[in-house]
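The values are calculated or read from the model by the stated rules, or taken from the named source; none is laboratory data. None of these values were measured; they are calculated from a predicted model. Cβ placement follows ideal geometry from the backbone for every residue including glycine, while neighbour counts extend to all protein chains displayed. We work out accessible area using only protein heavy atoms, side chains counted, and drop any ligands, DNA or RNA first. Shrake-Rupley method; radii C 1.70, N 1.55, O 1.52, S 1.80 Å.
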Amino acid sequence: MKKVVVLGATGSIGKSSLEIMSTLPDLFRVVGLSANKNKESLIALSEKYGCASLCLCGTENSASDKIAYTGIYGIEKLLDETKPDIVINGIAGSAGLLPSVFVLERGIDLALANKETVVMAYPLIRKLAEKNNCRILPVDSEHSAVFSLINHFGKENVSRIILTASGGPFRTYTKQMLQNVSFQDALKHPTWNMGPKITVDSSSLANKGLEVIEACRLFDAKPEQVKVTIHPQSLVHSLIQTKDGALYAQISKPDMKHPILTALTWPNFTENSLELLNLQEFDSPLEMSFAGPDMERFPMLRLAYQAASNNAAYTIAYNAANEIAVEAFAQGKIGFYGISELTEEVLSHDWTTEPTNFDDIFIYDKKARNIAREKLS
């Protein structure tokens, strides 16, 4: 039985993780949970899933009989107390990087749903995992699919990676229509139920941009080897193309419990209660469509490829600028295209110095955020 800690337990990834593990009690025991500031929800989850070790990492002042640890460094104490076999990092945004470091420093396997860890610091993160003999297992549905396919066919046989994207709520909008969309419009994702930040990123294709950077790093691919295709049905979660030209896909219903379970049980395949995609049971023809992305209407994807090609600290700047821009969009300070305009402005600065340690990562992240805020003001 694996002992599991779930970071970001009150978010969509955290809740899905707890739900799927609860159906397999012989395989998993949840020994620790963390949340940012949602104390009531964290306590409710602890009672529902029988887990007493809790950390509220977004505050330093809420320790109580039920919550023993607080603050970001409370996660270290949580890990030291519970000694898990694997940790699911479902924390949103750049706040998830330091917890990933804490996990790998202790030689614990990391089921990683926090893409910012890879975008900001993967070269350092990979060295840390290698040094401490532990694994980084991707939980994003796209990277989980690619991970499984590459492990099956062999990295040496793969020529291209194709990431699928639903296209988000604005897939059919013209550029003129996009000038007037609101934050609330961006939250109406047609397929996935996610947190607000990642849902807005999906609407701008910034999320897919982050995933392009992530794929380049996780799978040692060049940006030109990573392609994006718009697939509104979200049934194909990604594809690889082998050197002989054949395409191979991972296909399942759009449910994050699948990639979570893949990471938790790797390299084994475990029978479970998840609903199957049965192609014989559809009353009407099942259609799957694919199209190329429009980088003129959705420039955040173009900017991500630019950052991936330049590498160094450009990927840190891309992520930081986008986080500030999404926050400003949510507050009504900028329009939809203000997100890409602000990100492009930040990327126009010099980010050519390669970070050599985690302090460098946070320095460049802070610098990018300051540039973004100055531009907003």
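For region 66-84, state whether one or more residues are without any contact (Cβ under 8 Å) to a residue 40 or more places away in the chain, in a loop (DSSP other than H, G, I, E, B), open to solvent by 10 Å² or more (accessible area, probe 1.4 Å) and aliphatic (A, V, I, L, M).
Within region 66-84, one or more residues are without any contact (Cβ under 8 Å) to a residue 40 or more places away in the chain, in a loop (DSSP other than H, G, I, E, B), open to solvent by 10 Å² or more (accessible area, probe 1.4 Å) and aliphatic (A, V, I, L, M).
Do we find that residue 105 is free of Cβ contacts under 8 Å to residues at least 60 places away in the same chain, open to solvent by 40 Å² or more (accessible area, probe 1.4 Å), out of contact with any strand residue (DSSP E or B) (no Cβ under 8 Å at 6 or more places or on another chain) and more than 20 Å from residue 52 (Cα to Cα) in this structure?
The answer is yes for residue 105.
Which of the helices (runs of 4 or more DSSP H) found entirely inside region 299-377 contain at least 2 residues meeting this: among the hydroxyl-bearing types (Ser, Thr, Tyr) and open to solvent by 30 Å² or more (accessible area, probe 1.4 Å)?
299-310
Every residue, every condition in (1) free of Cβ contacts under 8 Å to residues at least 24 places away in the same chain; (2) within 17 Å of residue 5 (Cβ to Cβ); (3) β-branched (Val, Ile, Thr), yes or no:
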residue: 60; (1), (2), (3): yes, no, no
residue: 88; (1), (2), (3): no, yes, yes
residue: 99; (1), (2), (3): no, yes, no
residue: 111; (1), (2), (3): no, yes, no
residue: 135; (1), (2), (3): no, yes, no
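What number of residues within region 179-205 are in a helix (DSSP H, G or I) and under 14 Å from the mean Cα position of the chain (by Cα)?
Total satisfying the criteria: 7.
Any idea which of (1) more than 29 Å from residue 245 (Cα to Cα); (2) loosely packed, with under 13 Cβ neighbours inside 10 Å is the one residue 124 doesn't satisfy?
(2)
Could you list all residues from region 206-244 that are closer than 21 Å to residue 260 by Cα, part of a helix (DSSP H, G or I) and among the aliphatic types (A, V, I, L, M)?
210, 212, 213, 215, 218
Conditions tested, residue by residue: (1) crowded, with 18+ Cβ neighbours inside 10 Å; (2) within 20 Å of residue 261 (Cα to Cα).
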| site | (1), (2) |
| --- | --- |
| 139 | yes, yes |
| 153 | no, no |
| 158 | yes, no |
| 166 | yes, no |
| 169 | yes, no |
| 177 | no, no |
| 185 | no, no |
| 194 | yes, yes |
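State whether one or more residues within region 80-87 are modelled with pLDDT under 95 and either over 27 Å from residue 369 (Cβ atoms) or under 17 Å from the mean Cα position of the chain (by Cα) (or both).
No, the conditions are met nowhere in region 80-87.
Of (1) of a type outside the set (Gly, Ala, Ser); (2) at pLDDT 95 or above; (3) open to solvent by 10 Å² or more (accessible area, probe 1.4 Å), residue 117 satisfies all except one. Which?
Exception for residue 117: condition (3).
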